[in-house]
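Quick notes on the structure that follows.
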Amino acid sequence: MQHRRRAIHAAQALSCAIAFAATAAGAQQDEAVRAAVPQARLVGEAPMRWFGLPIYDARLFAPAGFDALELARHAFVLELTYRRALRGRDIARRSIEEMRRAPSFPEDRAGRWESELAAVLPDVQPGDRIAGVHTPGGGAAFIVNGRRAGEIADAQFARLFFGIWLAPHTSEPGLRAALLGSAQR
């Protein structure tokens with residue numbers, strides 16, 4: 001009986017340590033988000049599921065006055081917290097597929113953008129966070145688990161990339177509506 005109690009206490013201590021580590025990683029990421037767009041506030045959040053399987057939880061941070069129909073004018077952060085392991089190159093490939101939904105997708109840039117994105121995005125495990133930071137006129141920077149991972153300095157790429165989640169032509173209109181909340185039009 002005493003051995004069982006020790007095992008339970010050890011399991012509880014391990015659970016607390018894991019929860020603390022996840023909270024610390026989340027706080028670190030939130031600090032990086034605040035540094036990237038200092039006046040940003042949480043606009044909306046939602047889980048992304050594929051055939052019922054949880055893929056990631058998404059959160060959009062933007063300053064007051066954010067207008068979803070004028071994405072290119074605003075600094076904002078879109079943060080994804082992954083719920084399953086995925087390869088970075090698969091995330092990059094899928095991102096390009098989703099970007100192709102845009103009516104003005106430049107097919108001649110697809111290969112270059114996929115390579116650049118694959119170079120920035122790591123393989124992810126459950127709990128990993130990737131934040132995309134939109135800079136008006138400048139492109140997209142990426143923060144992985146609180147550390148800057150790289151940037152794609154191309155405004156057209158950024159518009160199409162963030163459009164995966166935020167543009168009216170998204171493949172996930174429910175996710176878009178939840179992320180945009182009151183900023184939706």
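Looking across ARG59, ARG41, one residue alone is farther than 20 Å from PHE161 by Cα, modelled with pLDDT of 85 or more and in contact with a strand residue (DSSP E or B) (Cβ under 9 Å, 6 or more places away or on another chain). It is ARG41.
Can you confirm whether GLY146 is under 21 Å from ALA62 (Cα atoms), surrounded by 17 or more Cβ atoms within 10 Å (Cβ to Cβ) and either touching a Ser or Thr at 6+ places or on another chain (Cβ under 6 Å) or modelled with pLDDT under 95 (or both)? Reasoning before the result, please.
On the way: under 21 Å from ALA62 (Cα atoms): yes; surrounded by 17 or more Cβ atoms within 10 Å (Cβ to Cβ): yes; either touching a Ser or Thr at 6+ places or on another chain (Cβ under 6 Å) or modelled with pLDDT under 95 (or both): yes.
For GLY146, the condition - under 21 Å from ALA62 (Cα atoms), surrounded by 17 or more Cβ atoms within 10 Å (Cβ to Cβ) and either touching a Ser or Thr at 6+ places or on another chain (Cβ under 6 Å) or modelled with pLDDT under 95 (or both) - is met.
Listed here are the residues, each with its yes/no results for (1) more than 14 Å from ALA158 (Cβ to Cβ); (2) of a type in the set (A, V, I, L, M, F, W, C); (3) at pLDDT 95 or above; (4) surrounded by fewer than 13 Cβ atoms within 10 Å (Cβ to Cβ).
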position	(1), (2), (3), (4)
HIS74	no, no, no, no
ALA85	yes, yes, yes, yes
ARG93	yes, no, yes, no
TRP113	no, yes, yes, no
GLU116	no, no, yes, no
GLY127	yes, no, yes, no
VAL133	no, yes, yes, no
ALA141	no, yes, yes, no
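In this structure, LEU71 qualifies as more than 17 Å from VAL144 (Cβ to Cβ), of a type outside the set (Phe, Trp, Tyr) and not in a loop (DSSP other than H, G, I, E, B). Only a single criterion out of (1) buried (at least 19 other Cβ atoms within 10 Å of the Cβ); (2) in contact with a His (Cβ under 7 Å, 6 or more places away or on another chain) is not satisfied by THR81, namely (2).
A Cβ distance below 7 Å, combined with a sequence gap of six or more or placement on separate chains, defines the contacts here; from the stretch 107-119, residues that are without any contact (Cβ under 8 Å) to a residue 60 or more places away in the chain reach residues that are in a helix (DSSP H, G or I) and among the polar types (S, T, N, Q) in the pairs LEU117/SER95. Counting only residues that are among the small types (Gly, Ala, Ser) and under 16 Å from PHE76 (Cβ atoms), how many does the stretch 139-184 have? Adding up the residues that qualify gives 11.
Of the residues LEU86, LEU160, LEU166, LEU117, the single one that is touching a strand residue (DSSP E or B) at 6+ places or on another chain (Cβ under 6 Å) and either within 16 Å of ILE55 (Cα to Cα) or not small (Gly, Ala, Ser) (or both) is LEU86.
Kindly indicate the residue of the stretch 83-106 that is of a type in the set (Asp, Glu) and without any contact (Cβ under 8 Å) to a residue 12 or more places away in the chain and also nearest to PRO63 (Cα to Cα) among those meeting that condition. Write out each step before concluding.
To start, the set of residues in the stretch 83-106 that are of a type in the set (Asp, Glu) comprises 90, 97-98.
Filter again for without any contact (Cβ under 8 Å) to a residue 12 or more places away in the chain, leaving 90, 97.
On the way: ASP90: 31, GLU97: 29 Å.
Checking each candidate, the answer is GLU97.
Scanning the stretch 46-72 for residues that are surrounded by fewer than 18 Cβ atoms within 10 Å (Cβ to Cβ) and within 14 Å of ALA158 (Cα to Cα) yields GLU70, ALA72.
The values are calculated or read from the model by the stated rules, or taken from the named source; none is laboratory data. If you're wondering where the values come from, they're calculated on a predicted model, not measured in any experiment. So basically every Cβ, Gly included, is an ideal-geometry build from the backbone, and we count neighbours across all protein chains shown.
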